[in-house]
Amino acid sequence: MALATLVVVSLTVRLGFWQLSRAAEKQAWQTAMATQRDLPVLDMSPSQDQNLASTQEWLKDWGQPHLLHRRVTVRGTWLPQFNVYLDNRQMDGKVGFFLLTPLQLDHSDQAIWVQRGWLPRNFQQREQLPEVLTPSGPVSLTARIALAPSKLMELGSTSPGSGFSHLRQNLDESEMRHETGLNLLSGSLVQLSPEGDSDALLRNWFEPAADTAKHKGYALQWFAMALGAAAWFFWFAFFKVWRKSGNRDC
């Protein structure tokens with residue numbers, strides 16, 4: 001009985017501290033993300049007198065943790081023939097599409113996916129995609145460096161042999177490199193400024209919360225279980241045994 005109680009108490013206490021560590025990790029992650037967003041905007045749009053070599057200097061650091069969530073200014077040309085409408089995406093409590101378009105970076109052979117904004121869905125004609133005005137010339141925009149859009153559960157995948165599909169449930173980076181033939185950087189940009197784009201797009205981007213209260217609640221439950229197991233053992237091993245021994249003495 002003592003061994004079983006020791007195992008239960010040790011396990012539940014360990015799980016409780018693990019939940020507290022998860023809460024601390026998420027809080028640190030949210031703090032780091034907020035710190036990155038508050039940094040000055042990083043200019044990644046080379047001027048006309050800069051060449052390809054100077055542009056490649058900041059591309060070397062692309063994908064590094066110190067750039068994630070950083071606000072940047074980029075310059076390039078939209079490639080609307082590869083527009084992707086991610087289905088079942090929400091903004092302001094409404095269901096619609098996230099519009100993603102590759103941006104061919106100036107003075108570079110590389111492109112990057114830009115999450116341009118949100119558009120409502122036509123519920124009468126689900127397959128009908130809303131039209132978006134896309135400038136044909138070079139554009140400059142302010143964006144936030146982000147990972148690729150989060151993936152939702154889907155029952156099937158887009159068949160490469162059926163042609164390029166603009167309506168998708170998820171964006172597979174390796175698959176899109178193959179389908180478009182573009183030299184696409186990993187991750188994406190979340191557009192913040194309206195420059196060079198349509199006013200029809202909403203950009204009230206959701207900011208993920210750390211949700212530390214959930215982990216602290218789980219930790220409290222584990223600690224309560226440990227306390228309950230210890231209390232049960234002491235009651236059974238001392239109080240009940242002591243009462244029985246007292247009855248025998250009588």
Using a Förster distance of 30 angstrom, determine the FRET efficiency expected from the C-beta separation of residue 43 and residue 148, and round it to 0.05. 0.80
Can you give me the distance in nm between label points at residue 200 and residue 95, each placed 7 Å from the Cα along the Cα-to-Cβ direction? 2.1 nm
To the nearest 0.05, the calculated FRET efficiency linking residue 179 and residue 127 through their beta-carbon distance, R0 being 25 Å, is 0.80
Integer Hz, Karplus 6.51/-1.76/1.60 couplings in order for segment 85-95, x for Gly and Pro: 9, 7, 7, 6, 10, 10, 8, 6, x, 10, 9
Going through 151/214; 151/216; 94/151 one by one, the pairs whose alpha carbons sit over 25 Å apart turn out to be 151/216
For segment 17-33, in order, what is each residue's ³J(HN,Hα) by Karplus, 6.51 cos²θ - 1.76 cosθ + 1.60 with θ = phi - 60°, in whole Hz (x at glycine and Pro)? 5, 5, 5, 5, 5, 5, 5, 5, 5, 5, 5, 5, 5, 5, 5, 5, 5
Return the sequence-ordered ³J(HN,Hα) values of segment 101-115 in whole Hz as given by the Karplus equation 6.51 cos²θ - 1.76 cosθ + 1.60 applied to θ = phi - 60°, using x for Gly and Pro. 9, x, 10, 6, 6, 5, 6, 7, 8, 10, 10, 9, 5, 10, 7
Using the per-residue mean of other Cβ atoms lying within 10 Å as a proxy for protection, in what order, highest first, do the peptides 95-106, 11-22 fall? 95-106, 11-22
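Laboratory data are not the source of any read-out in this text; all were calculated from the coordinates shown. Just so it is clear, the model here is predicted, and its values are computed rather than measured. Here the Cβ is made from the backbone with ideal geometry for all residues, glycine too, and neighbour counts use every protein chain on show.
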